[in-house]
Amino acid sequence: MNLEEYKGVYVFAQQVDNKVDSIAYELLGKAKELAAPLNTQVTAVLIGSNVKDLCGSLAEYGADRIIVVDDPELKDYRTEPYAHALASVINEYKPEIMLVGATAIGRDLGPTVSARVATGLTADCTVLEIGDFPLVPIPGKESEQKHNQLLMTRPAFGGNTIATIACPNNRPQMATVRPGVMQKIEPVKGAKAEIIEFNPGFTPNNKYVTIKEVVKAVKDVADIMDAKVLVSGGRGVGSAENFKILEELAEAVGGVVSCSRAVVDSGWKPKDLQVGQTGKTVRPNVYFAIGISGAIQHVAGMEESDVIIAINKDEDAPIFDVADYGVVGDLNKIVPQLTAAIKAEKAKKNN
């Protein structure tokens, strides 16, 4: 493999029902940052059927170039045609870096494609940067340290440590990134990108799944990733019934209730509301951590919140290490008092 042939930072621009997912814009923002020290361009790979109209927003969010693979076989996501499309793009255009969102689609597509193009893939990255590898030169082997490598950082061993991984000998360097971890850039209205239409040809075979029916579930819970204020509860809340006091606080502050993994495991709240390494990564303006100890797995999903307010009876709880404001005490007393005070203040302003 001639590594010098591989250039550019590529992003799989995931779309569903001809609507670009937010993760695509987040990855384009990170791609712009990674492309700068490499002095290269950002390319979005858009795969689907009748998706050319989506190119405008990808250009506005940072794509210098867009490779469109448009074919009726790509109308709905299926592993085989999508993997064939993305692997063909990689083999034809030779990206140095390939980023994929760690969505349900991306978790299936990324490993399949990496195997087909014979490269590695680092999953669920929380940090991506360009640097040297090994990070510290091995004594006596300083000349073997490689520069301008994609350093991919992710939690490892259940979140108890952080691993930085590189792929120095193969290309592309592939990573999946969880939604909500990277920041979108401010879109540049009217920005244009070079558009390349590419179709490797699709011949259905015995690996092509036949979709008989698509059933869309109707969710009655808000997406916690969109919330400006989150009132999050942990095991310390005590019971599913006791979440009522958190719901009252959320209503008073105009927020949404979320929770830790322990709450989901106990069956008190659905998985959609889970914050953390195995849940969702959130960045609200205000995050209430109530009855949450602050294990690293949970903190990984909320530490970028603008303001963190922790309420816990254990003054040594790790959550206080990341909190901007902390209250030590019984949440059953503190939360209702806080809710009452907020309601009283709002009533005063309305009079």
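Values in this text are rule-based calculations from the coordinates and carry no lab data. Since this is a predicted model, take the numbers as computed values, not measurements. Backbone-built Cβ (ideal geometry, glycine too); neighbour counts: all protein chains shown.
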Quiz item: How many percent of the alpha carbon pairs in segment 15-126 exceed a separation of 21 Å?
Solution: 32
Practice problem: Using only the alpha carbon atoms of segment 88-130, find the Kirkwood hydrodynamic radius as the inverse mean reciprocal pair distance, in angstroms to one decimal. | Solution: 11.2
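Net charge near ALA227: determine it from the other residues with C-beta under 11 Å of the C-beta of ALA227, scoring Lys and Arg +1 and Asp and Glu -1.
After counting each charged neighbour, the total is +1.
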Quiz prompt | segment 155-256 shape via C-alpha gyration tensor axes, a/c threshold 1.5 | solution = prolate
Quiz prompt | DSSP loop trypsin sites (Lys or Arg not before Pro) with at most 13 other Cβ within 10 Å excluded, longest remaining stretch of the chain | solution = 1-140
Quiz item: Which is the longest run of the chain containing none of the GluC sites (Glu not before Pro) found in DSSP loop states (not H, G, I, E, B) with at most 10 other C-beta atoms within 10 Å?
Solution: 1-212
Quiz prompt | Residue exposure sequence - HIS147, HIS298 - by fewest surrounding Cβ within 10 Å | solution = HIS147, HIS298
Quiz item: So what are the radius of gyration and Dmax for the Cα set of segment 1-72, in Å?
Solution: 12.5, 38
Quiz item: Going through segment 78-167, which chymotrypsin sites (Phe, Trp or Tyr not before Pro) have at most 10 other Cβ atoms within 10 Å and a DSSP loop state?
Solution: PHE157
Practice problem: Using a cut-off of 12 Å between beta-carbons, work out the net charge of the residues near GLN274 (Lys and Arg +1, Asp and Glu -1, GLN274 not included). | Solution: +2
Quiz prompt | Cut-off 14 Å between beta-carbons: net charge of the residues surrounding ASN50, Lys and Arg +1, Asp and Glu -1 | solution = -4
Exercise. Two decimals is fine: what is log10 I(q)/I(0) at q = 0.09 Å⁻¹ for segment 3-197, from a Debye sum with one equal scatterer on every Cα and no solvent?
Key: -0.31
Quiz prompt | Fraction of antiparallel bridges per DSSP, the chain only, in percent to nearest 5 | solution = 20
Practice problem: Taking the convex hull of the Cα atoms, report for segment 224-350 its projected area averaged over all directions, in nm². | Solution: 7.0
Self-check item: Residues whose placed amide H lies under 5 Å from that of ALA102, excluding near-sequence neighbours
Solution: VAL177, ARG178
Quiz item: Considering the chain, what Rg and Dmax in Å follow from its alpha-carbon atoms?
Solution: 22.8, 75
Quiz item: Among the listed pairs LYS189/LYS346; LYS313/LYS343; LYS32/LYS228, which are separated by more than 28 Å between their Cα atoms?
Solution: LYS189/LYS346
Self-check item: Descending principal axes extents, segment 280-351, alpha-carbon based, whole Å
Solution: 44, 25, 18
Quiz item: Taking other Cβ within 10 Å of each residue's Cβ, how do ASP223, ASP53 sort, fewest first?
Solution: ASP53, ASP223
Quiz item: Taking only DSSP H segments of four or more residues, each worth -39500 (n - 2.57), what value at 222 nm results for the chain once the sum is divided by all its residues, to the nearest 500 deg cm²/dmol?
Solution: -8000 deg cm²/dmol
Exercise. Would you mind ranking SER143, SER293, SER49, SER239 so that the residue whose beta carbon has the fewest other beta carbons within 10 Å leads the list?
Key: SER143, SER239, SER49, SER293
Self-check item: Additional length obtainable on full extension of the chain from ALA340 to ARG116, 0.36 nm per residue less Cα span
Solution: 74.8 nm
